[in-house]
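Notes for the one structure printed next.
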Amino acid sequence: MISHQKQVYFNLPAFSLSYGAFSFTWIMSQTTTTGTETMRLPATMRAWQWSTCSTTLEDAIELNDSVPLPTAKRSLASGESLIQVHAAALNQVDYKLAELPVVGRMAISKPATPGLDFAGKVVQVGSDCDVKVGQMVFGKLEPKQQFGTLGEYIIGSKAGTVPMPDGVSVEQAATLGVCGLVTYQCLAPNVKAGDRVLINGGSGGTGTFAIQIAKALGCYVTTTCSGKYAMFMITTTHHLISHRRKFPTVRGSRR
Ligand SMILES: NC(=O)c1ccc[n+]([C@@H]2O[C@H](COP(=O)([O-])OP(=O)(O)OC[C@H]3O[C@@H](n4cnc5c(N)ncnc54)[C@H](OP(=O)(O)O)[C@@H]3O)[C@@H](O)[C@H]2O)c1
């Protein structure tokens, strides 16, 4: 699986954003476990947090190593699970929302931890939960979270948390939640095997998923990108158009 999300690289304790870089991931420290049914949980966790954001989220964010777990504030509701985050990926919505004056100040409880996409291990479950303690899962949180995926523990919803399939790494799974799902939902109902599909912006977050999903559905894929990604994109698509040229150049790899 290839992903080109807006990514963040985390090297605790240093923090740096690397927008447009390839597959990111932050491997969290592991908490002691006592088997698959019960897990010993710490009282606090490490999490990147922000309280006021007057310029960029990158300037506002700080690592706090004594944040109460999300379940200290409220217990798990029906269908929810407490998840130890092993990998997270940043989407544009994570920092754009925080940087908006009104939404950032009013709609998110502070101090807040950004991040919606995750892969990790279930450590506690509420009633009527589809996942089990000890199970590896991936998914997405809903926007305007106080406890986002750039913290060691999150509360996953029933609809936004699913088991990780075999053969997929946490780094790969963590990129899928927001960007992979929205791309699949837009594309899959509208195409069928044999269709000729144009992916405009195939080198971006949604574009890289769109190419792979369209090809998996049996479509013949043409995509656009700038010259800087041409060598890579030509290996993933049937036809490639450079949008930086005055008159687009069409090249075929026919894979
Ligand atoms: N990411 C998500 O989860 C998500 C969710 C919902 C909606 N969306 C929407 O989907 C759209 C794409 O988002 P994204 O996250 O995929 O963005 P992105 O990662 O920034 O990718 C943008 C793409 O547009 C291409 N592009 C830039 N300038 C272009 C031009 N002048 N002509 C043609 N193509 C051009 C880029 O190509 P080069 O880099 O090769 O120049 C790149 O492939 C946005 O409107 C976004 O709001 C995204």
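Miscellaneous remarks
- Each residue of region 64-71 was assigned a 3J(HN,Hα) from its phi angle through the Karplus expression (A = 6.51, B = -1.76, C = 1.60, θ = phi - 60°), giving 10, 9, 9, 8, x, 4, x, 6 Hz with x at Gly and Pro.
- For the residue pairs Lys73/Lys140; Lys144/Lys228; Lys96/Lys192; Lys73/Lys96; Lys96/Lys121, alpha carbon separations beyond 31 Å are given by Lys144/Lys228; Lys96/Lys192.
- Residues whose placed amide H lies under 5 Å from that of Tyr153, excluding near-sequence neighbours: Val85
- Each residue in Thr149, Thr222 was given a count of other beta-carbon atoms within 10 angstrom of its own, and listing them fewest first yields Thr222, Thr149.
- Sorted from longest to shortest, the spans of the Cα atoms of region 178-253 along the three principal axes equal 33, 27, 19 Å.
- Amide H contacts under 5 Å for Thr223, placed H, 5+ residues apart: Ile199, His239, Leu240, Ile241
- Over region 178-253, relative contact order from alpha-carbon pairs under 8 Å, at least 6 apart, %: 25
- Ranked by the mean number of other Cβ atoms within 10 Å of their residues, highest first, the peptides 81-89, 57-65 fall in the order 81-89, 57-65.
Bear in mind these aren't lab numbers, they're just calculated from the coordinates by the rules spelled out. Keep in mind it's a predicted model, so treat the numbers as computed, not measured. Reconstructed Cβ throughout: ideal geometry from the backbone, glycine too, with neighbour counts over all protein chains shown.
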